[in-house]
1. Please go through (1) more than 26 Å from GLU49 (Cα to Cα); (2) β-branched (Val, Ile, Thr); (3) in contact with a strand residue (DSSP E or B) (Cβ under 7 Å, 6 or more places away or on another chain); (4) modelled with pLDDT of 95 or more for THR265 and return the number of the only condition it doesn't satisfy.
2. Out of all the residues in the stretch 67-102, which are over 29 Å from GLN162 (Cβ atoms) and among the hydrophobic types (A, V, I, L, M, F, W, C)?
3. Being modelled with pLDDT of 95 or more, more than 14 Å from THR150 (Cβ to Cβ), in a loop (DSSP other than H, G, I, E, B) and in contact with a strand residue (DSSP E or B) (Cβ under 7 Å, 6 or more places away or on another chain) is the requirement here; does LEU198 meet it?
4. Name the single residue, out of those in the stretch 1-50 being among the basic types (Lys, Arg) and either without any contact (Cβ under 8 Å) to a residue 24 or more places away in the chain or out of contact with any Asp or Glu (no Cβ under 7 Å at 6 or more places or on another chain) (or both), that is nearest to ASP97 (Cα to Cα).
5. Being without any contact (Cβ under 8 Å) to a residue 24 or more places away in the chain and hydrophobic (A, V, I, L, M, F, W, C) is the filter; apply it to the stretch 227-256 and report the residue that is surrounded by the fewest Cβ atoms within 10 Å (Cβ to Cβ).
6. Kindly indicate whether LEU182 is assigned to a strand (DSSP E or B) and over 20 Å from LEU87 (Cβ atoms).
7. Would you confirm whether or not the stretch 209-226 contains a residue that is surrounded by fewer than 17 Cβ atoms within 10 Å (Cβ to Cβ), modelled with pLDDT under 95 and farther than 29 Å from GLN117 by Cα?
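The values are calculated or read from the model by the stated rules, or taken from the named source; none is laboratory data. Remember, it's a predicted structure, so these values are computed and weren't measured experimentally. Reconstructed Cβ throughout: ideal geometry from the backbone, glycine too, with neighbour counts over all protein chains shown.
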Amino acid sequence: MTGLRMPAEWVEHERTMIAWPVRADLWGSELAAAKLTHANVVGAVARFEPVTVVANVGAGREAAEACGTGHTHAVDVIEEPIDDSWLRDSGPIVVRDASGERIAVDFRFNGWGGKYQPFDKDDAIGARLSERLGIPCHDVSMVLEGGAITVDGAGTLVTTEQCLLHPTRNPSLDRAEIEATLCEWLGAERVVWLASGLVEDRDTDGHVDNLCAFIAPGVALTQGTADATNPNAPILADNRARLVAAGIETVSVDVLPYDTIGGRTVVVPPLNLSFVNGGVIVPVADNDSDSADASVARIGPRGRRRRHPLRHPADPGVASTRCGSCGREIHRSRQHGSSRRHAHHFASGSCNSNGTPIPTPTAPRSRKARGSPRPRERGSSA
């Protein structure tokens with residue numbers, strides 16, 4: 001199919017969709033804490049835009065009561081069969097066709113390479129949500145999680161070899177065939193491949209949304225670390241070098257804090273942020289206010305930080321904001337990252353001192369990067 005365009009994540013969108021925690025066998029004793037975390041995320045996002053919470057069948061009342069009322073923007077709760085609460089990865093990607101109409105692209109979802117089963121309900125949620133939203137849906141047979149890609153709205157898509165070439169995703173497809181599918185259905189003009197994700201990323205096999213976030217056409221925030229002894233340091237340096245070689249202007253966020261949850265150490269990459277209309281939600285470590293200040297200042301230098309204490313169950317890996325949500329022009333709120341059970345704060349560096357929203361992250365004034373393609377709108381939206 002030709003003429004489809006996936007918008008950049010900062011493009012204004014209709015709402016954020018967030019999945020409600022459901023997997024007691026995975027969350028274990030932390031399920032209640034996970035639900036509190038998600039409710040806090042809903043409240044943070046609803047300061048900027050409407051939110052739709054997708055709860056499992058029978059859990060709608062619980063989700064509605066937990067999320068509460070009195071938000072700046074509407075918070076709606078719907079019930080749909082789901083297996084897990086990582087809608088950014090399992091939900092549809094909403095793009096625009098040549099006439100500007102919205103089209104939902106429904107890639108296959110296989111539980112991050114079969115790690116978490118069952119996943120059949122989550123594999124079907126893209127089509128179900130598209131139908132509920134009244135958006136025509138096209139099924140694509142390739143496995144792809146939303147957190148595995150990021151686009152700049154001008155023709156560039158960034159992903160990782162570790163994830164998209166992983167044998168548990170699409171073993172019958174080679175790199176060229178995967179690129180062709182991304183170009184056909186998401187409108188990419190070129191695909192930039194990073195090598196791998198964070199060392200701690202055991203769940204997603206190197207999702208790029210822990211590593212890179214475009215903030216303007218040809219301009220990306222990149223995850224870095226000021227600690228040369230951190231095992232992620234050479235990985236992050238290589239990722240940035242690949243982006244620069246591709247003509248992408250980079251703004252390094254050299255803050256990579258860690259937190260301890262349930263006796264386990266997890267990394268909290270601030271690049272696992274979530275764009276909302278007029279703002280950005282940034283994950284920061286509970287126990288490191290200096291890193292929180294530094295990361296929020298780097299990402300949204302004019303912002304006034306507002307903290308929302310959020311707790312996630314402990315599992316080795318990465319703490320993040322994104323995986324649980326689905327955002328692109330219907331914005332799938334992202335409660336995710338490399339590991340899905342964790343604890344952290346969300347900081348929104350997106351309000352002036354008087355409380356009015358400010359623009360999403362500022363970047364160096366965009367000069368056209370060498371080798372970048374002709375600007376062209378892209379995204380997914382609702």
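1. Result: THR265 passes all but (4).
2. Within the stretch 67-102, the first condition is being over 29 Å from GLN162 (Cβ atoms), and the residues that meet it are 67-81, 96-102.
Selection gives CYS67, ALA74, VAL75, VAL77, ILE78, ALA98.
3. When the stated conditions are applied, LEU198 passes them.
4. ARG47
5. Top of the filtered list is ALA228.
6. no
7. Yes, some residue in the stretch 209-226 is surrounded by fewer than 17 Cβ atoms within 10 Å (Cβ to Cβ), modelled with pLDDT under 95 and farther than 29 Å from GLN117 by Cα.
Residue by residue, here is whether (1) of a type in the set (A, V, I, L, M, F, W, C); (2) surrounded by 22 or more Cβ atoms within 10 Å (Cβ to Cβ) holds:
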| residue | (1), (2) |
| --- | --- |
| PHE109 | yes, yes |
| TYR116 | no, no |
| SER130 | no, yes |
| SER141 | no, no |
| GLU145 | no, yes |
